[in-house]
1. Select from the range 117-141 the residues that are farther than 30 Å from residue 175 by Cβ and of a type in the set (Ser, Thr, Tyr) and write down the one among them that is farthest from the chain's Cα centre (by Cα).
2. Can you find even one residue in the range 142-158 that is assigned to a strand (DSSP E or B) and either surrounded by 16 or more Cβ atoms within 10 Å (Cβ to Cβ) or under 37 Å from the mean Cα position of the chain (by Cα) (or both)?
3. For the range 1-114, please list each of the helices (runs of 4 or more DSSP H) lying entirely inside it that holds at least 2 residues being more than 30 Å from residue 151 (Cβ to Cβ).
4. Is it true that residue 118 is touching a strand residue (DSSP E or B) at 6+ places or on another chain (Cβ under 9 Å), outside any helix (DSSP H, G or I) and surrounded by fewer than 14 Cβ atoms within 10 Å (Cβ to Cβ)?
5. Please determine whether any residue of the range 85-99 is under 22 Å from residue 179 (Cβ atoms) and out of contact with any Lys or Arg (no Cβ under 8 Å at 6 or more places or on another chain).
Amino acid sequence: MSNLSTRIRGVIDRVQDLLADMTPRDRSLLLGLVAFGALLLVGGSIWAMSSTISSLDSRLRDRELTLTRVQAMAAQQATAEGEAAAIEEQLKKFAGTDLSSFMEQAARNASVGDRLDSVREKSSASSGNIEERLYSVSLNSLTLPEMTDFLYEVEGTGYPLRIKTFKVKTRKRGEVSSLSVEMDVSAYRLIEDADAGEEG
């Protein structure tokens, strides 16, 4: 420690000797140069700190934006999982009822069971564990209220189906008009439930 103090003291003595040998003008120039160098050093330090803080702030904003996106994606995922679970539950609820039986029951409930002409399967396709079967459904000699009641029975029970096409033809016999309906209807079910039903 004393050795360091001695060295510092020696440096101070040399600086004082150097300053004593200088003219007042040279001393002023040196002091000005030292002050300018100090200002440059302080300014450079402030600029470097500002740049570092700006970089950290930018990274923080990026992280916050990423976190917000992840949270939004997690919320969407949770919503999608909830919807998928509800759909799967609905599919399981009607797993034991094929579309033909369902349409016959809907027609009976709408009091048009005798006018359900046909329910015919046209094609089938699978996506993941969901099977889609396309059916052609036709009814004839309906009044407008009867057709409305039938559609209410078809779409209001929650059976997993979708009406793809819907065609209505009007037939007139004298003063009486009747409607003929042709529909393409997709019915959905879980493949595992379908396999279990076929094995049973």
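Each reported figure results from applying straightforward, stated rules to the coordinates on display, with no laboratory input. Here the structure is a predicted model, which is why all the values come from computation and not from measurement. Every residue, glycine as well, gets a Cβ built from its backbone with ideal geometry; the counts of neighbours run over all protein chains shown.
1. Per the stated criteria, the residue is 136.
2. Here is the first cut: in the range 142-158, the residues assigned to a strand (DSSP E or B) are 142.
Remaining after also requiring either surrounded by 16 or more Cβ atoms within 10 Å (Cβ to Cβ) or under 37 Å from the mean Cα position of the chain (by Cα) (or both): 142.
Yes, the range 142-158 contains a residue that is assigned to a strand (DSSP E or B) and either surrounded by 16 or more Cβ atoms within 10 Å (Cβ to Cβ) or under 37 Å from the mean Cα position of the chain (by Cα) (or both).
3. 2-21, 24-93
4. Details: touching a strand residue (DSSP E or B) at 6+ places or on another chain (Cβ under 9 Å): yes; outside any helix (DSSP H, G or I): yes; surrounded by fewer than 14 Cβ atoms within 10 Å (Cβ to Cβ): yes.
So residue 118 passes the test.
5. Filtering the range 85-99 for residues under 22 Å from residue 179 (Cβ atoms) gives 99.
Those still in the list that are out of contact with any Lys or Arg (no Cβ under 8 Å at 6 or more places or on another chain) too: none.
No: the range 85-99 contains no residue that is under 22 Å from residue 179 (Cβ atoms) and out of contact with any Lys or Arg (no Cβ under 8 Å at 6 or more places or on another chain).
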